[in-house]
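Worksheet: one structure, shown below.
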Amino acid sequence: MIMMLPFLTGLAAVWFGMIGKRRPCVAFWLITLLVFAIWCQFHMTSPLALSL
């Protein structure tokens, strides 16, 4: 479910942009970028368990 969060917040940002609500649109884009940054930090710092 957490993988859907950036897509849902991005969808909300696009929707608010289409109906002309600028402040919620920018807020949802910033939330989306924050979620991506947190998710990247989590995945880039965790050890990769490969069996070679």
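The values are calculated or read from the model by the stated rules, or taken from the named source; none is laboratory data. Everything numeric here is computed off the predicted structure, so don't read it as measured data. Because the Cβ atoms are built from the backbone with ideal geometry, glycine has one as well, and the counts that use them run over all protein chains shown. Surface accessibility is based on the protein's heavy atoms, side chains included, excluding ligands, DNA and RNA. Shrake-Rupley method; radii C 1.70, N 1.55, O 1.52, S 1.80 Å.
Quick check, is LEU48 loosely packed, with under 14 Cβ neighbours inside 10 Å and within 12 Å of the chain's Cα centre (by Cα)? It would help to see each step written out before you state the result.
Details: loosely packed, with under 14 Cβ neighbours inside 10 Å: yes; within 12 Å of the chain's Cα centre (by Cα): no.
In short, no.
Is the stretch 10-29 home to any residue that is in a helix (DSSP H, G or I), open to solvent by less than 100 Å² (accessible area, probe 1.4 Å), touching a residue at least 24 places away in the same chain (Cβ under 8 Å) and not basic (Lys, Arg)?
Narrowing the stretch 10-29 to residues in a helix (DSSP H, G or I): 10-18, 22-29.
Those still in the list that are open to solvent by less than 100 Å² (accessible area, probe 1.4 Å) too: 10, 12-14, 16-17, 24-28.
With the extra rule that they be touching a residue at least 24 places away in the same chain (Cβ under 8 Å), the set shrinks to none.
The answer is no, given that none of the residues of the stretch 10-29 is in a helix (DSSP H, G or I), open to solvent by less than 100 Å² (accessible area, probe 1.4 Å), touching a residue at least 24 places away in the same chain (Cβ under 8 Å) and not basic (Lys, Arg).
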